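Structure record follows, encoded as C-alpha cells.
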Amino acid sequence: MPNKGEHTIFVIEDNPGDFALVEEFILEQIEAPSIMHALSYKAAREILVIRDIPFDIILLDLSLPDKTGIPLILEIIEISGNSPVIVLTGYADFLFGVKSLSLGVSDYILKDELTSLMLYKSIVYSIERKKIISALEMSEKRVRSFANQLNNVLEEERSRIAREIHDEFGQQLSGLKMSLSALRKRSGNDDYLEPLINSMVADVDTSIVSVRQIANELRPVLLDKLGLFAAIEWLVSEFEKKTSITSKLYMEIDRPDIDKALEINIFRICQEALTNITKYAEATLVKILIENRNDQLSIKIIDNGIGIKSSTLHNPLSMGLVNMKERANLISADLNISSSPQKGTTIELIVSKWQKKY
C-alpha cells in the first residue's frame, strides 16, 4: 500500500522510458505525489528559476541534451533552492559518485539497481536530511550572530576601560607627579628628601608609561584615530621592542578607509598571531606582508620558528587559533595556516569585502 504524503517531485530526465519507470516507482510507494517533468536543463531552469516553483525533491539524470556531468550538477544545485537533489544515472563510476556527493547532491543511484523501495527511501531520507541540515545552518547563523554581538560588546567595553584607565588613572598619576615636583622645589636641597622625591617621580613616570601601554593594548588609540594600517605598524613595532624578535613589515598597499568593525577584527587577528609567536614559536624573525591582491586584502604573517604540530593545528581547544578563525568567520574572511616542523609557520588572512563603498 502506498505511503501517504504530499510530496512534490521534480524529475529532470530526457529519456521517456526512464521517466515512465521512475514515475511508476514513485506511484508504487507514494499515495498522492505531485510530479513535474523536464526534458532538458533549459526546461528545468525555466521551472526552477523563472517560474520559481519549489519542490520537496529533485531527481536528476546526468545526461541531458544541453548539459551533462559535473557542470549540470553544479548548475542544478545552484538553482535548486532548498530542494535536495538525487542523481539517477546509468554510469557506474564510483569515484564520480563520491565526487557528486561532495558537490552537494543528497544521493547517487544507478538506474540499473533502482527499485521502488530504494527510490522511496532515498527520497524520504534526503528530505529529512535536508531539514536537519537547514535547521543546523539556521542554528549556526544564530550562533554567529550572537558571537558578532558579543564581540562588539567586548570591544566597546575594552574601549571604555581603556579610556577610563588613560583619562582617570593617567590624570591622577600626572597630578601626583606635579605634586611631587612642587614638593621637591619646596624641600630645597634637603639631602634626605630630594633623592626620595626623585625616586618617587621616576616611579610615577614608569607608572604613567605602563598605564598608557595597558590602555593601548586594550584599544590602540591609533586604531580609532589613524586606522588599521597605522595600528598594525604600532603593533609590529611594540612586538619587536618587547620580544627582541626581528620584525619586518612590508605594506604594499594604499590605505583606504575601512569599516570600523572590520578593522578591529583584522587587528585582533594580527595581535593574536603575534602573541602566539611570542608564546610558542621560538622564532628569531617575523615578516608581515600586507598587499592588495586582485581587490582582496591579503595579510601574511611568517615566522621562522619551530612550527605548529599537526595535532595542535587541528585541536578545537587551541584557543588562540580558534579565536583567529572565529574572528575571520565574523568578517567572512579566509584564514589559512600552514606550518612545518622547524621551518616556521605562515598565517594568511584574505579579506574580500574590505574597501568602503561610497
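One table, with the values for the structure above:
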read-out	value
In sequence order, calculated HN-Hα J values of the range 38-50 (Karplus, 6.51, -1.76, 1.60; Hz; x Gly/Pro)	10, 9, 8, 5, 4, 5, 5, 5, 4, 6, 7, 9, 6
Accessible surface, per residue, of the chain when the full set of protein chains is kept, probe 1.4 Å, Å²	58
Cα-based reach from LYS111 at 30 Å (exclusive), listing lysines while leaving out same-chain residues under 8 positions away	LYS4, LYS42, LYS67, LYS99, LYS121, LYS130, LYS131
Which label in (i) 0.94; (ii) 1.21; (iii) 0.96 gives the computed Rg/Rh (Cα atoms, Kirkwood Rh)	(ii)
Within the range 1-93, trypsin sites (Lys or Arg not before Pro) in DSSP loop having at most 10 other beta-carbon neighbours inside 10 Å	LYS4, ARG51
Rounded if a/c under 1.5, otherwise prolate or oblate - the range 231-280, Cα gyration tensor axes	oblate
The chain - percent of accessible surface contributed by carbon and sulfur, probe 1.4 Å	54
DSSP bridge pairs, the range 1-109: antiparallel proportion in percent, nearest 5	10
Lysines whose Cα lies under 20 Å from that of LYS300, excluding same-chain neighbours fewer than 8 positions away	LYS248, LYS279, LYS287, LYS309, LYS325, LYS343, LYS353
Extension gain from MET118 to ASP52, taking 0.36 nm per residue of separation minus the Cα-Cα distance	20.9 nm
Fraction of antiparallel bridges per DSSP, the chain only, in percent to nearest 5	50
Rounded to 5, percent antiparallel among DSSP beta bridges of the range 238-296	10
Whole-Hz ³J(HN,Hα) from phi, Karplus 6.51 cos²θ - 1.76 cosθ + 1.60, for the range 137-149, glycine and proline x	4, 5, 5, 5, 4, 5, 5, 4, 5, 5, 4, 5, 5
Between 0 and 90°, nearest 10: helix 170-187 axis offset from the chain longest Cα axis	10
Amide hydrogen neighbours beyond the local backbone of ILE30, cut-off 5 Å, H modeled	ASN3
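The values are calculated or read from the model by the stated rules, or taken from the named source; none is laboratory data. Keep in mind that what you see is a predicted model, and the values were worked out from it rather than measured. Methodologically, a virtual Cβ is constructed for each residue, glycine included, from the backbone with ideal geometry; neighbour enumeration extends over all protein chains shown. To get the accessible areas, we keep the full protein, side chains included, count just its heavy atoms, and leave off ligands, DNA and RNA. Shrake-Rupley method; radii C 1.70, N 1.55, O 1.52, S 1.80 Å.
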